[in-house]
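Worksheet: one structure, shown below.
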Amino acid sequence: MKGVRDLWLTFVSTEMGGLTRSLPKEHARRPVMVNGPKCGPAPNTRKDLRISSISRHSTRIEYIFSAQGCTFMRKAASPTQSARFPIIKAICRSIMDEPSEAQLHQVKRLADDYEATGESTEAKALRDILESGAGKATGFAPSRLVRSKANLGGEVLTSKTPAPVDKETAVPLAQVLFPSTAAVSRPTFDPRLKSAVDSLVEEWAHWDELTRAGVDPARSCLIYGPPGTGKTTLALWMARELQLPLVVARLDGMISSFLGTTSRNIGTLFNFANRYRCVLLLDEFDAVAKVRDDPHEVGEIKRVVNTLLQNLDSRRDFGITVGITNHEQLLDAAVWRRFDAQIHIPRPEFATRTEIAARFLGKDFAAPFHGKLLAWISDGLAGSEIESLARSIRKAKVIDGPQFDLLETMRRLSALNSGRVSAERVSQLALENPRLAAALKADPSLGLDTNELAELFGNHPSTIGRWINST
């Protein structure tokens, strides 16, 4: 085929200009045979060539021509495409410091495309770049939509979809969060609550099977409990597990002092959520779902709750709705009936607090008694408050350096957080070391032994034993 390649250079330079518009459209993609059984020797002169078809693409020109009974095809890169390759190569190099698996995959696709079109030099250059970044991948972050586990109806919601807004003020009524960008970890719950949450997510993940069997899956969930217990985090995690976008209602934009505007905004929000495949999250739900006979509320709240109830009913045919509230006692009785699942998240017990404390203290506090001690101090606190205390301990370790003392740090934090830490714990931490050691040893939930107390107080175990015996 060398003669064909040599002749092609002559053909491109002399014949290309007059053949771009003269061929029928139906011949633009004729089947091609190269070196077939009826092919004669490769042509050596330009007069042996007969053009069969030519087609233009956005970045290439495709020529199909015949010579001595055999059809040949040649793809030529346009000058614009060739000129762009250094830019493409520079972009690929720029992402190789901390590439994701998705980015590496796209560069590989680009290299394969160049190889498929005969541009082996460009393909090799891209594969060399790939080898330099293959060991640095930082994890998978999808660059395209992933099929959701709950196969709901509706249109696909993308990052380019405009969020619903108040018609008068243009304030957004919702924020849209996508599974690939929601950096959220599963909240830590006790085994009973964890099992209940898992069963609900599993039910949503088998949406198709349940509907085909004639069993209606749960379509709504109300999550309630004290502040800071992980309700919003749970909703974010559930949406991510289902690979569905989360439409978070913004109540600051929804509620209006103008008559009828709040009801209209609720309708706009639900119309948006019903149009797309998503999970609708109504955070601070009590703001729009209050008891209708509350004497402290004006008549407008009755219209708002009625509108909300109607939209909750209509949403059942379209997707999943999650409501969150810290004040479940304020909710109208009719609202409770609209939610198939109702999950109460209480403040964590000691074992769960220990797990939360160990999680947020990190590897610098790996001894089991570290998490137990923080769980003991945080009696009655929510998960977010435990996280805040753990973060303060880690900051103190960095600032104090070699002089860091865990017990003194916890004493200081109990004084700085007297509104959070119980009065009993504050008073116990203020005791002198011998009495505090005896109190910690006597607490059955802690279960600290003499060696652990010795490490905490910085004394020999025999000294700790004398302290305990003397008190």
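Side notes on the structure shown:
- Residues of segment 335-354 that are surrounded by fewer than 16 Cβ atoms within 10 Å (Cβ to Cβ) and touching a residue at least 40 places away in the same chain (Cβ under 8 Å): Trp336, Gln342, His344, Pro346, Glu349, Phe350, Ala351.
- Residue within segment 400-416 that is more than 27 Å from Thr471 (Cβ to Cβ) and touching a Leu at 6+ places or on another chain (Cβ under 9 Å) present: no
- Residue in segment 325-340 that is under 29 Å from the mean Cα position of the chain (by Cα), more than 30 Å from Asp190 (Cα to Cα) and among the polar types (S, T, N, Q) present: no
Here is a yes/no grid of residues against (1) over 16 Å from Ile343 (Cα atoms); (2) in contact (Cβ under 8 Å) with a residue 24 or more places away in the chain; (3) out of contact with any Phe, Trp or Tyr (no Cβ under 6 Å at 6 or more places or on another chain):
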| site | (1), (2), (3) |
| --- | --- |
| Ala163 | yes, yes, yes |
| Ala170 | yes, no, yes |
| Leu177 | yes, yes, yes |
| Ala183 | yes, no, yes |
| Pro191 | no, no, yes |
| Lys194 | no, no, yes |
| Ser199 | no, no, yes |
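- Ala116 meets the conditions (1) out of contact with any Lys or Arg (no Cβ under 8 Å at 6 or more places or on another chain); (2) closer than 16 Å to Ser132 by Cα; (3) modelled with pLDDT of 80 or more; (4) among the hydrophobic types (A, V, I, L, M, F, W, C) in every case but one. The failed one is (2).
- Which numbered condition Gly135 misses (of (1) modelled with pLDDT of 65 or more; (2) exposed (fewer than 12 other Cβ atoms within 10 Å of the Cβ)): (1)
- Segment 243-262: number of residues that are buried (at least 22 other Cβ atoms within 10 Å of the Cβ) and either on the phi > 0 side of the Ramachandran plot or part of a loop (DSSP other than H, G, I, E, B) (or both): 2
- Test: residue in segment 307-318 that is part of a loop (DSSP other than H, G, I, E, B), aromatic (Phe, Trp, Tyr) and within 29 Å of Arg219 (Cβ to Cβ): yes
For (1) among the hydrophobic types (A, V, I, L, M, F, W, C); (2) assigned by TED's automatic domain parsing to the domain that holds Ser199; (3) more than 18 Å from Ala249 (Cα to Cα); (4) modelled with pLDDT of 90 or more, each residue gets a yes or a no:
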site: Phe272; (1), (2), (3), (4): yes, yes, no, yes
site: Arg292; (1), (2), (3), (4): no, yes, yes, no
site: Gly299; (1), (2), (3), (4): no, yes, yes, no
site: Arg303; (1), (2), (3), (4): no, yes, yes, no
site: Leu312; (1), (2), (3), (4): yes, yes, no, yes
site: Ile320; (1), (2), (3), (4): yes, yes, no, yes
site: Thr325; (1), (2), (3), (4): no, yes, no, yes
site: Phe339; (1), (2), (3), (4): yes, yes, no, yes
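- Every condition in (1) closer than 22 Å to Ser314 by Cα; (2) of a type outside the set (Val, Ile, Thr); (3) surrounded by 16 or more Cβ atoms within 10 Å (Cβ to Cβ) holds for Asp216 except the one numbered (3).
- Leu281 surrounded by 15 or more Cβ atoms within 10 Å (Cβ to Cβ), assigned to a helix (DSSP H, G or I) and out of contact with any His (no Cβ under 8 Å at 6 or more places or on another chain): no
- Some residue of segment 190-201 being of a type outside the set (A, V, I, L, M) and buried (at least 17 other Cβ atoms within 10 Å of the Cβ): no
- Residue in segment 220-232 that is more than 30 Å from Ser388 (Cα to Cα) and either crowded, with 17+ Cβ neighbours inside 10 Å or of a type outside the set (D, E, K, R) (or both) present: yes
- Once segment 376-415 is narrowed to residues that are of a type in the set (Lys, Arg) and within 33 Å of the chain's Cα centre (by Cα), the residue that is surrounded by the fewest Cβ atoms within 10 Å (Cβ to Cβ) is Lys395.
- Considering only residues in segment 307-333 that are without any contact (Cβ under 8 Å) to a residue 40 or more places away in the chain and out of contact with any Gly (no Cβ under 9 Å at 6 or more places or on another chain), the one that is surrounded by the most Cβ atoms within 10 Å (Cβ to Cβ) turns out to be Leu309.
- Which listed residue, of Lys89, Lys160, Lys167, is more than 14 Å from the chain's Cα centre (by Cα) and either modelled with pLDDT under 85 or hydrophobic (A, V, I, L, M, F, W, C) (or both): Lys89
- Test: residue in segment 141-150 that is among the charged types (D, E, K, R), modelled with pLDDT under 85, within 30 Å of Ile356 (Cβ to Cβ) and touching a helix residue (DSSP H, G or I) at 6+ places or on another chain (Cβ under 9 Å): yes
Conditions (1) surrounded by fewer than 17 Cβ atoms within 10 Å (Cβ to Cβ); (2) at pLDDT 95 or above; (3) in contact with a helix residue (DSSP H, G or I) (Cβ under 6 Å, 6 or more places away or on another chain), marked per residue:
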| residue | (1), (2), (3) |
| --- | --- |
| Asn417 | no, no, no |
| Arg420 | no, no, yes |
| Ala439 | yes, no, yes |
| Leu446 | no, no, yes |
| Ile464 | no, no, yes |
| Asn469 | yes, no, no |
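The values are calculated or read from the model by the stated rules, or taken from the named source; none is laboratory data. All figures in this text were calculated on a predicted structure; none of them were measured in a lab. Every residue, glycine as well, gets a Cβ built from its backbone with ideal geometry; the counts of neighbours run over all protein chains shown.
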